[in-house]
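In what follows, a structure is listed as structure tokens, so that the remarks can point back to it.
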Amino acid sequence: MRDAQPKAIQLADYRAPAYEVTDTHLRFELHDGYTLVHSNLSLKQNGDETELLLNGQDLELISIKLDGKLLSEADYTTAEEALILSGLGASHTLEMTTRIYPEKNTALEGLYRSGGMYCTQCEAEGFRRITYYPDRPDVMSVFTTEIIADAARYPVLLSNGNPVSEKIEDGKKHVVWHDPHKKPAYLFALVAGDLQVRDDHFTTCSGREVLLRIFVEPQNVDKTEYALDALKRSMRWDEEVYGREYDLDIFMIVAVDDFNMGAMENKGLNIFNSSCVLANPATATDAAYQRIEAIVAHEYFHNWSGNRVTCRDWFQLSLKEGFTVFRDAGFSADMNSATVKRIEDATMLRTVQFAEDGGPMAHPVQPDSYIEISNFYTVTIYEKGAEVVGMLHKILGEEGFRKGSDLYFERHDGQAVTINEFVQAMEDANDVDLTQFRLWYKQSGTPVVEVLTQYDHAAERLTLNLRQYTPDTPGQTDKKPLWIPVQLGLIGHDGEDMEVRPDQPDFWTEDSQVLHFREAEQTFSFGGVVEEPVVSLFRDFSAPVRIHYQHSQSALRFMLQHDSDGFNRWDAGQQLMLHWIELAEKGRFKFTQDDIDALHTVINDVELDPAMVAYLLALPSESYIAESRPQYDPVAIHKAREQVMAALADTLSDDFKACYQRLNVSGDYQPVPEDMARRSLKNLALSYWAKADAEGVEAARLQFSSADNMTDQMAALRTLVAHGNQAEAEQALAEFYTQWQQDSLVVNQWLTVQCGSSKLGTPAHIRQLLEHEAFDWRNPNKVRSVIGAFANQALCHFHGADGEGYKLLADAVTRLNESNPQIASRLLTPLTRWKRLVPNQSQMMKSELQRIMDHGSLSKDVYEVVSKSLM
Ligand code: PHE
Ligand code: ZN
């Protein structure tokens with residue numbers, strides 16, 4: 001909690017550390033109620049600065065010794081959350097003892113307890129809650145860690161690196177770990193508990209054996225197989241695609257129930273939110289399996305992009321996160337359908353990231369200031385950061401990109417570097433000038449590209465006029481033109497791609513079919529275009545921009561059926577649907593025969609990947625629709641979308657029924673791409689069928705009670721909640737709870753289905769669930785399943801006319817502000833969008849923000865978001 005207004009940290013103020021910590025020895029004594037942390041640091045001066053700043057937060061300092069001499073309070077100064085030693089020399093040994101209280105740590109940063117175990121979370125600035133230390137990523141040290149705890153209750157004691165020794169004395173277990181790779185404190189980890197382990201092995205490309213271990217609470221041992229499998233595939237993939245080999249003899253994963261984020265890449269000891277690692281067919285959906293595959297890969301890939309080469313400071317966060325998301329997306333694309341993965345990622349970007357760009361927290365991929373770094377683990381840093389790396393990939397090509405990443409890893413191994421050094425490596429390896437491209441890291445906001453096309457039949461010429469601008473964002477105006485890769489196709493009337501030959505060859509990369517759009521306005525022309533083509537722009541979502549181009553309805557239907565680029569095929573369908581929903585809102589929606597024919601072709605296309613068919617037939621989400629408009633009315637959007645959904649369901653109900661019956665085959669559940677694809681289309685068909693027809697609800701009822709896997713059971717439950725009558729929905733929910741109440745991860749899904757539902761997710765129902773035995777304010781997953789699902793998915797209730805939804809969210813934020821500021825601040829996001837809502841809603845949202853502000857004693861996390869939102 002703060003007293004004065006917290007100060008912003010500026011990138012421009014960066015200074016190299018005065019001292020390095022060459023070696024860090026830690027000893028943890030875990031006692032009931034408190035923990036003692038002894039540290040022994042070897043300090044080495046960097047330049048001529050003689051002052052050492054050690055960060056520390058909520059610590060009780062018991063003793064401090066410099067070169068063996070006990071210091072008194074007169075020998076150092078204490079500042080806010082820091083301890084400063086001055087007048088130091090070239091090298092010293094510093095020893096300290098601090099007392100901390102993991103039992104009382106509800107913020108889940110530093111050392112804390114989750115259930116019966118201890119664990120740590122140190123990124124970004126959690127290590128300072130363990131001991132005084134230069135807690136900044138450019139201070140890299142070799143860590144040796146001793147842990148002492150009750151041998152009976154904490155038989156498993158883990159830290160980074162390799163185990164060195166282990167003994168039991170007087171009922172206490174002592175273990176020592178040594179990590180030979182130097183690392184910043186944010187990658188430190190410790191775990192203690194009564195855990196079960198499942199082991200496996202991996203042989204690296206150079207023939208080294210690596211022991212793979214997953215540690216879980218005993219009841220979860222049967223949920224570890226898939227993560228191990230995903231881990232082995234990730235290790236192989238990183239060798240093959242990036243030439244990166246693992247560098248320790250052991251790699252460990254631990255699952256914990258109370259965790260603020262998804263997972264953490266601590267060196268050799270990844271710690272996972274149990275929802276992102278545990279799965280078996282009965283309890284986890286296909287979506288959960290895919291998330292686990294992606295996150296296991298993501299954390300593993302950080303071993304190179306993040307750990308071996310780390311960030312100089314937190315303004316460089318996207319250096320590791322953007323790149324690593326790009327890498328895990330490549331992995332998921334290779335393991336599953338690349339097009340479907342692209343659709344999912346683009347959807348995420350266009351809904352969540354574009355909304356962030358349009359709100360008060362808009363920031364560049366490389367921000368230049370922050371109040372609380374935890375607030376900057378955002379979709380902009382992660383997902384837009386990944387898109388920017390993806391554009392480099394498009395511009396340089398597969399081979400050029402690999403040359404650049406090889407050079408980057410080789411040049412900076414063991415260093416803490418900046419985003420600029422990443423781009424520099426790409427430049428040097430490819431002999432290109434990326435000066436203009438760097439603007440993608442510095443400029444915030446979503447660029448808009450306006451497109452005009454003109455076709456001259458007599459001259460057989462196509463002209464393409466492109467204009468770009470990036471709207472102002474808080475603190476940033478007058479943006480410069482960006483280097484935008486436009487992947488382009490011209491489709492002839494036979495549905496085939498025509499040859500693309502621009503008259504400006506310097507701006508065209510033949511291999512990737514990319515047009516380099518680099519000025520505020522640029523005109524490209526194409527000769528030898530014998531017929532008027534349909535212009536397919538930004539194929540594969542080649543740049544994270546908003547496109548203003550009015551395709552005709554018939555061109556969209558044509559693309560939906562013929563575009564060779566799967567992404568644009570899907571996108572054409574989405575644009576058609578957006579148009580229908582707009583018409584519905586104006587009371588003028590009716591299907592044309594052409595629409596129906598186009599949909600028929602899609603649903604009956606048995607050649608196409610069923611996962612792709614499912615996406616082609618799914619309506620854009622309410623938040624996606626909202627994000628496509630400058631101002632929106634969520635209730636009106638909901639009604640219009642429901643109307644179109646009903647029409648689609650009615651019109652194609654026989655097809656959906658047939659589709660469901662064709663795909664509803666029995667057989668053992670397997671989390672493999674083909675089966676997941678089939679289930680996704682089957683369950684989409686079921687939901688439309690149930691929307692249209694009582695017979696479909698009956699099928700859902702049957703599937704619900706006979707399913708042998710969570711994908712089918714959950715899909716049926718969702719369908720019953722959405723399209724069954726109230727009694728059917730309630731009965732299914734009650735049965736589900738009785739069946740699964742012992743499994744907390746399944747109960748979370750049960751909460752989400754209700755809280756995110758446009759039928760059940762009313763503020764009154766949410767308040768009831770907050771009192772339910774299954775709910776727990778201290779567990780972030782529970783909070784997300786109830787309040788997060790409500791505010792982000794049940795939009796028509798969250799934005800209900802009486803403002804009760806906003807009030808509920810503000811109450812939750814105020815309540816969590818003290819106990820878990822990170823979660824409180826993240827939950828706030830939907831309220832920060834107030835300027836985009838219709839006036840009534842907008843006013844009510846703003847007053848709830850004001851109410852939080854007036855609450856006083858706000859954490860830095862919440863203060864930053866609320867104060868920026870009210871500006
Ligand atoms: N660095 C973690 C990741 O991969 C995210 C994280 C950040 C986890 C902060 C915990 C705390 O992506
Ligand atoms: Zn990450």
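In table form, for the structure just shown:
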item: Cross-link table 586/868; 267/480; 782/835, entries beyond 31 Å C-alpha to C-alpha; result: 586/868; 267/480
item: For the range 606-633 versus the range 526-549, the gap between their alpha-carbon centres in whole angstrom; result: 21
item: Computed helical MRE - 222 nm, the chain, DSSP H runs ≥ 4 contributing -39500 (n - 2.57), nearest 500; result: -12500 deg cm²/dmol
item: Sites residue 773 and residue 222, calculated FRET efficiency, Cβ-Cβ separation with R0 25 Å, nearest 0.05; result: 0.50
item: Approximate spin-label separation residue 472-residue 507, in nm, with each point projected 7 Å along Cα-to-Cβ; result: 2.9
item: Kyte-Doolittle mean at least -1.0 and Cα axial length at least 20 Å: DSSP H helices in the chain; result: 225-242, 286-301, 317-335, 385-412, 566-585, 634-651, 673-692, 726-740, 804-819
item: Cα-based convex hull, the range 1-65, per residue volume (Å³, whole number); result: 154
item: Ranking of 123, 607, 209 by count of other Cβ atoms within 10 Å, fewest first; result: 607, 209, 123
item: Formal net charge of residues neighbouring residue 324 (Cβ-Cβ distance under 10 Å; K, R +1; D, E -1); result: -2
item: Length released on extending from residue 36 to residue 639, taking residue separation times 0.36 nm less the Cα-Cα span; result: 211.2 nm
item: Sorted by Cβ neighbour density within 10 Å, fewest at the top, the residues 383, 49; result: 49, 383
item: Gyration tensor verdict on the range 633-683 (Cα atoms; rounded if a/c is under 1.5, prolate if a/b is larger than b/c, oblate otherwise); result: oblate
item: Taking 97, 752 and counting other C-beta atoms within 10 Å, the order from fewest to most; result: 97, 752
item: Percentage, to the nearest whole number, of Cα pairs in the range 9-194 over 27 Å apart; result: 26
item: Rounded FRET efficiency, nearest 0.05, which uses the C-beta distance separating residue 245 from residue 694 and R0 of 51 Å; result: 0.30
item: Label-point gap, in nm, between residue 368 and residue 73 - each point 7 angstrom along Cα→Cβ; result: 4.2
item: Spin-label pair residue 48/residue 588, simplified geometry with 7 Å Cα→Cβ offset, distance in nm; result: 7.6
item: Partner lysines for residue 657 [C-alpha distance under 23 Å; skip if fewer than 8 residues away on the same chain]; result: 590, 682, 691
item: Pairs beyond 26 Å (Cα-Cα), from 442/860; 65/320; 223/384; result: 65/320; 223/384
item: Summed residue charge, Cβ within 13 Å of residue 603's Cβ, Lys/Arg positive, Asp/Glu negative; result: -3
item: Label point 7 Å beyond Cα of residue 853 along Cβ direction - residues of the range 346-389 with amide nitrogen under 16 Å; result: 360-361
item: Residue 229-residue 621 FRET efficiency (beta carbon distance; Förster radius 25 Å; 0.05 resolution); result: 0.20
item: Local electrostatic count, residue 55, Cβ distance below 12 Å [Lys/Arg +1, Asp/Glu -1]; result: -2
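Rule-based calculations on the coordinates, nothing more; no lab input. No experiment lies behind these values; they were computed from the predicted model shown. Ideal geometry is used to build each Cβ from the backbone, glycine not excepted, and the neighbour counts take in all protein chains shown.
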